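J.: First the structure, which I've put down as structure tokens, then a few questions once you've had a look.
The values are calculated or read from the model by the stated rules, or taken from the named source; none is laboratory data. All values reported here derive from a predicted model rather than from experimental measurement. Cβ sites come from the backbone with ideal geometry, for glycine too, and all protein chains shown count toward neighbours.
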Amino acid sequence: MFGFQRGNGESIWQIKQFIGYVSTALQWEYRVSTSCKNVIISGFHDSIGVYTKSTDNQKKIADQWLELLGMQERADQPFNKLSYGDQRLLLIARAMVKHPPLLILDEPCLGLDDMNRQLVLALIEKICEGQETTVLYVNHHTEDKIKEIDNHLALEKNH
């Protein structure tokens with residue numbers, strides 16, 4: 001996987017650098033009191049929170065994601081004070097800051113109202129259009145289908 005042969009002593013951290021991941025569980029675990037910008041920057045370190053000095057380039061990339069999300073004015077606001085939908089958008093940006101070859105989205109619309117669901121789906125479509133990242137999109141609702149994802153696997157009950 002990602003150029004590593006199984007059993008050659010690679011660490012989870014070596015593999016993890018190639019994967020972006022977003023889930024509701026991650027959102028629930030992200031309880032540290034930190035700014036929206038730092039949440040995005042934490043994606044460079046695969047950490048919950050930022051514990052090292054951020055580089056100018058990391059700050060610049062975080063600012064670009066905040067601009068893309070229309071959240072520039074909220075860069076310094078506490079992440080835990082945002083709506084659930086805005087938090088989810090920031091976590092997707094966090095997963096994408098290192099331009100991973102693989103992005104795993106585990107039920108990214110779970111628990112969102114219709115407006116935030118549409119915002120998350122639009123962001124995922126934009127990521128899929130980029131052709132740089134393979135998206136593994138886990139979902140239980142057919143209405144949340146992403147048109148840019150062309151390979152589908154449906155698991156049916158008792159089959």
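J.: Which residues, counting only those in the stretch 74-88, are touching a helix residue (DSSP H, G or I) at 6+ places or on another chain (Cβ under 9 Å) and part of a helix (DSSP H, G or I)?
T.: Residues of the stretch 74-88 touching a helix residue (DSSP H, G or I) at 6+ places or on another chain (Cβ under 9 Å): 74-80, 82-88.
Once the filter is applied, which keeps residues that are touching a helix residue (DSSP H, G or I) at 6+ places or on another chain (Cβ under 9 Å) and part of a helix (DSSP H, G or I), the stretch 74-88 yields ARG74, PHE79, ASN80, TYR84, GLY85, ASP86, GLN87, ARG88.
J.: Here's a follow-up. If GLY85 meets every condition in (1) surrounded by fewer than 16 Cβ atoms within 10 Å (Cβ to Cβ); (2) under 24 Å from TYR137 (Cα atoms); (3) modelled with pLDDT of 90 or more apart from one, which number is that one?
T.: All conditions pass for GLY85, except number (1).
J.: Something else now. Free of Cβ contacts under 8 Å to residues at least 60 places away in the same chain, polar (S, T, N, Q) and closer than 21 Å to TRP28 by Cβ: does that describe ASN139?
T.: It is true that ASN139 is free of Cβ contacts under 8 Å to residues at least 60 places away in the same chain, polar (S, T, N, Q) and closer than 21 Å to TRP28 by Cβ.
Yes/no matrix, rows are residues, columns are (1) among the polar types (S, T, N, Q); (2) buried (at least 16 other Cβ atoms within 10 Å of the Cβ); (3) modelled with pLDDT of 95 or more; (4) not in a helix (DSSP H, G or I):
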residue	(1), (2), (3), (4)
VAL22	no, yes, no, yes
ARG31	no, no, no, yes
GLY43	no, yes, no, no
ILE48	no, no, no, yes
LYS60	no, no, yes, no
GLN64	yes, no, yes, no
GLU67	no, no, yes, no
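J.: With (1) in contact (Cβ under 8 Å) with a residue 40 or more places away in the chain; (2) surrounded by 15 or more Cβ atoms within 10 Å (Cβ to Cβ) as the list, and ILE146 as the residue in question, which single condition is left unmet?
T.: In the conditions (1) in contact (Cβ under 8 Å) with a residue 40 or more places away in the chain; (2) surrounded by 15 or more Cβ atoms within 10 Å (Cβ to Cβ), ILE146 misses (1) alone.
J.: Hey, among LEU123, LEU110, which residue is in contact (Cβ under 8 Å) with a residue 12 or more places away in the chain, in a loop (DSSP other than H, G, I, E, B) and surrounded by 13 or more Cβ atoms within 10 Å (Cβ to Cβ)?
T.: It is LEU110.
J.: Quick check on my filter: what residues within the stretch 98-107 are in contact with a strand residue (DSSP E or B) (Cβ under 8 Å, 6 or more places away or on another chain) and under 21 Å from GLN17 (Cβ atoms)?
T.: If the condition is that a residue be in contact with a strand residue (DSSP E or B) (Cβ under 8 Å, 6 or more places away or on another chain) and under 21 Å from GLN17 (Cβ atoms), then LYS98, PRO100, PRO101, LEU102, LEU103, ILE104, LEU105, ASP106 are the ones that fit.
J.: Please tell me if ILE15 is modelled with pLDDT under 95, among the β-branched types (Val, Ile, Thr), in a helix (DSSP H, G or I) and under 29 Å from ASP144 (Cβ atoms). Outline the logic, then answer.
T.: On the way: modelled with pLDDT under 95: yes; among the β-branched types (Val, Ile, Thr): yes; in a helix (DSSP H, G or I): yes; under 29 Å from ASP144 (Cβ atoms): yes.
So ILE15 fits the description; yes.
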